[in-house]
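The values are calculated or read from the model by the stated rules, or taken from the named source; none is laboratory data. This is a predicted model, so every value here is computed, not measured. Methodologically, a virtual Cβ is constructed for each residue, glycine included, from the backbone with ideal geometry; neighbour enumeration extends over all protein chains shown. We work out accessible area using only protein heavy atoms, side chains counted, and drop any ligands, DNA or RNA first. Shrake-Rupley method; radii C 1.70, N 1.55, O 1.52, S 1.80 Å.
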Amino acid sequence: MKKILAAILILFLPSIAHGQWYLGQASIPYDGDDYNDIRKLAIEQAIENASLQASSYINIENTVKDGILTSSKTHIISKQQISEIVILNESIAAGKLTVNLKINLLSSSNCIKDDYLKQLIIAQFPLLTPSQATPGDISSLPFHVASRFKNELSNQPNIFVEELIPQMVFKPTSSFDSVNLKSVQGISHGLNSQFQSQYLVFGYVRDIGLYNEKKSGLVTNTIYPKRNFTIKVFMYDRVSDSILLEEEYHGEGGWSFDSYSKVDMENSLFWRSEYGTTIVNTLFKVAQDINQTLSCEPTKALVINKDEQFVTINIGTLHGVKKGDRFQHIKLKNIPLHNTMLSTLMPPEEPILLEVVQVSNKVSLLKAPEHEDLNGMNQHQVDLYDVVTTVNF
C-alpha cells in the first residue's frame, strides 16, 4: 500500500522509537537559470539515493517550495518511514549543483503488530444532500455503498467484519458538522448487547453532485457529464472511546446514464461504468487505509464473563486466537472530572498475564498460569468489562 508521509527540515515524530541515519548526495547540471527548480530536483534525488541504502524506494513530490524545503509527499516501498531530513550542505562547482543531506528512517517494526484480526461493525452511510440523488433516481446508493464497503473491508488481511448494521451513527445537516463524541458513545454502548467488535466504522456520503465538464476542441466544444463521489469516514474505538480515524475521500467519474430515468443499481452495468468503478475504487482506498491503521493497533478484547475458574473474552479462533496465547490484563477505571466521567485503561502496577486454555469461534477462556499465580490473587483482580491486550505497557 502506498503511504503518504509529511517531511519537513526537522520533523520529530511523537515516538520513542530511534531510527537510523542514511546519507544521500545528488549532483544536477546547473547553468545559472531556475535555481529553485534545480535545487528541488537535487534534494529529491539525494533523498532517493539515501533511501536506497535502506533497500527502499522513495518517490518525492513537492519537496521544495520557493527554494525552501517545506514538505514532502512520499510514496515508499519499504519497511522504513522518514522521520527527519537534514540538509548538510550544498554547493555549485563545475557546472553542477550538489546537495548532501541525511535522512532518519524509522523501521515499521516500531509499529505494534500482532497476529489477531481486528473486529469491526459498519454502520449505514446516509446521503448529506438527498436531492443530489434525483438525476438517475439513485436514492438507494448509500445502501449499496455500505454493502460494497463491507465487502472491501472483509477482503482486507487484518480485518474481521462482524456485521453491517442498519443504524446510522452520524447524520450531519451540513458538511461543516462535526461528530458528537458523546452521541457516538451512546449509540456504541447501546450496541454492546448485540455486537462485540472493538471498532465501529461510520460516516456519510457528502457529495454525489452531477456536473458537466467542457473540453475545447479546434472546432467545437464537447460536454462530458461527470459525477462526484465524496465520502466522509470515521472509525471509533469502542474500548477506549476515541475516534481513531477521520478522513474524507473523493473520486469523480463519467456519468453515462439517462438522468431522467431510474438507474438500475442492482445491474452490474452500473458498477462496470466509469462512475460505478469510481465508487468501488474509492471504497477500496478507504478499506486499505483502515486496514493499515488497524494493523498497527494492539488487539484489545473485553472481559465478558468471569467465574471462579475462567476469564472469558470476546475474541476467538475467527480472530486468530489459539490455545496457549497470552494476554495482559488492563483495568478500566472511571476518573471523575467536572460534570463528566473519564473512562481510561490503566495497567496494574504488576503485570497480570492470562493464558488461553479453551477457544471457540468468537470467545476464549483465559486463566492465570498456576505457577505465576499460586494463590489465585492475580486472576481475582480481573473484573467484568476489563480489557486484555497483546501489548506490554
Region 185-228: number of residues that are crowded, with 22+ Cβ neighbours inside 10 Å, among the hydroxyl-bearing types (Ser, Thr, Tyr) and assigned to a loop (DSSP other than H, G, I, E, B): 1
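Condition check ((1) at pLDDT below 95; (2) of a type in the set (A, V, I, L, M)) across all residues:
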site: Asp264; (1), (2): no, no
site: Ser268; (1), (2): yes, no
site: Tyr275; (1), (2): no, no
site: Thr282; (1), (2): no, no
site: Val286; (1), (2): no, yes
site: Asp289; (1), (2): yes, no
site: Pro298; (1), (2): yes, no
site: Leu302; (1), (2): yes, yes
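Residue-by-condition table, conditions (1) basic (Lys, Arg); (2) at pLDDT 90 or above:
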{"residue": "Pro130", "(1), (2)": "no, yes"}
{"residue": "Val145", "(1), (2)": "no, yes"}
{"residue": "Lys150", "(1), (2)": "yes, yes"}
{"residue": "Leu153", "(1), (2)": "no, yes"}
{"residue": "Phe160", "(1), (2)": "no, yes"}
{"residue": "Pro166", "(1), (2)": "no, yes"}
{"residue": "Val184", "(1), (2)": "no, no"}
{"residue": "Tyr199", "(1), (2)": "no, yes"}
{"residue": "Gly209", "(1), (2)": "no, yes"}
Positions within region 229-277 being among the polar types (S, T, N, Q), assigned to a loop (DSSP other than H, G, I, E, B) and over 28 Å from the mean Cα position of the chain (by Cα), in sequence order: Ser256, Ser259, Ser261, Asn267
Residue that is in contact with a strand residue (DSSP E or B) (Cβ under 6 Å, 6 or more places away or on another chain) and modelled with pLDDT under 85, where the choices are Leu105, Leu97: Leu105
Long-range neighbours under 7 Å by Cβ, at least six apart or interchain, first residue farther than 16 Å from Asp137 by Cβ within region 252-274, second open to solvent by 80 Å² or more (accessible area, probe 1.4 Å) and assigned to a loop (DSSP other than H, G, I, E, B): Glu274/Ser256
Meets criteria (among the aromatic types (Phe, Trp, Tyr) and under 30 Å from Ser360 (Cα atoms)) for Phe310: yes
